[in-house]
1. From the list ASP121, ASP75, ASP93, exactly one residue is of a type in the set (Asp, Glu), exposed (fewer than 14 other Cβ atoms within 10 Å of the Cβ) and part of a loop (DSSP other than H, G, I, E, B). Which is it?
2. So which of ILE118, ILE97, ILE59 ends up being under 22 Å from TYR139 (Cβ atoms) and of a type in the set (A, V, I, L, M, F, W, C)?
3. Taking the stated definitions as given, is TYR117 among the hydroxyl-bearing types (Ser, Thr, Tyr), at pLDDT 95 or above and touching a Leu at 6+ places or on another chain (Cβ under 6 Å)?
4. Give the residue that is farthest from VAL130 (Cα to Cα), with candidates limited to residues of the range 41-87 that are hydroxyl-bearing (Ser, Thr, Tyr) and modelled with pLDDT of 95 or more.
5. Looking only at the range 99-111, decide whether some residue is surrounded by 19 or more Cβ atoms within 10 Å (Cβ to Cβ) and polar (S, T, N, Q).
6. List pairs: first in the range 81-96 and free of Cβ contacts under 8 Å to residues at least 24 places away in the same chain and farther than 13 Å from GLY69 by Cα, second hydrophobic (A, V, I, L, M, F, W, C) and in a helix (DSSP H, G or I), Cβ under 9 Å, 6+ apart or cross-chain?
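The values are calculated or read from the model by the stated rules, or taken from the named source; none is laboratory data. Computed from a prediction, not measured in an experiment: that's the story for all the values here. For neighbour counting, all protein chains shown are included, and Cβ atoms are generated from backbone atoms with ideal geometry for every residue, glycine included.
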Amino acid sequence: MFKFFAYLNRMKYIKRWSLMRSVREENIMEHSQQVAVIAHALGLIRNKFFGGTLDIEKIVLYAQYHEVGEVITGDLPTPIKYFNPEINAAYKDLEKIACGRITEMLPETLKEEYKQYILPDTSSAEYAVVKYADRLAAYLKCVEEVKAGNSEFKKARASILSELKNTGAEEVEYYLKEFAPAFELTLDELD
């Protein structure tokens, strides 16, 4: 079991955005925590404002573990990951194998409890919310970088924002309208 948690601890060493120069480095552990916070908000928004019946605990745990496979595979940059369907499918298969390998490190009595979140039901509404949260986290990273003067993220920012606006998900629209603008503000402007 100690190997399982030692592997998860490695998430803090795997950097995100490896192809783009970042003003602030981000690792997978930080990214996963941010996605969990955003996914939690999205789930609550859907349930409270739009009549949803999502399992909030499942959403948060899916989000917390959504990058576990990258402990073994590393982070493959988006332009490569989505270059063509074959590469994307192969990478998803590789991540699934990595997640399975990490899950196998657990004692039998805990394996199924973790496995349901590390290898989630990708057809569920809860998983869809986590995917939205992951894209929102990418968008907010772009906002942060552009705000800090890093123009390398301008095109990605516009592209991801367009993608988010086209999801048709009411909780995403609400988040973009009510929460995302605050990320454009300085610390003094937040007061």
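1. On the way: ASP75 fails: exposed (fewer than 14 other Cβ atoms within 10 Å of the Cβ); ASP93 fails: part of a loop (DSSP other than H, G, I, E, B).
On inspection, the qualifying residue turns out to be ASP121.
2. Answer to the check: ILE59.
3. Working: among the hydroxyl-bearing types (Ser, Thr, Tyr): yes; at pLDDT 95 or above: yes; touching a Leu at 6+ places or on another chain (Cβ under 6 Å): yes.
Against the criterion (among the hydroxyl-bearing types (Ser, Thr, Tyr), at pLDDT 95 or above and touching a Leu at 6+ places or on another chain (Cβ under 6 Å)), TYR117 qualifies.
4. Going through the range 41-87, the residues hydroxyl-bearing (Ser, Thr, Tyr) turn out to be 53, 62, 65, 73, 78, 82.
Those left that are additionally modelled with pLDDT of 95 or more: 53, 62, 65.
Values: THR53: 15, TYR62: 7, TYR65: 10 Å.
Applying the filter and picking the extreme gives THR53.
5. So the first thing to find is which residues in the range 99-111 are surrounded by 19 or more Cβ atoms within 10 Å (Cβ to Cβ), and the list is 99, 102-103.
Remaining after also requiring polar (S, T, N, Q): 103.
Within the range 99-111 (the criterion being surrounded by 19 or more Cβ atoms within 10 Å (Cβ to Cβ) and polar (S, T, N, Q)), the answer is yes, since at least one residue qualifies.
6. Hits for this filter: LYS81/ILE87; ILE87/ILE80.
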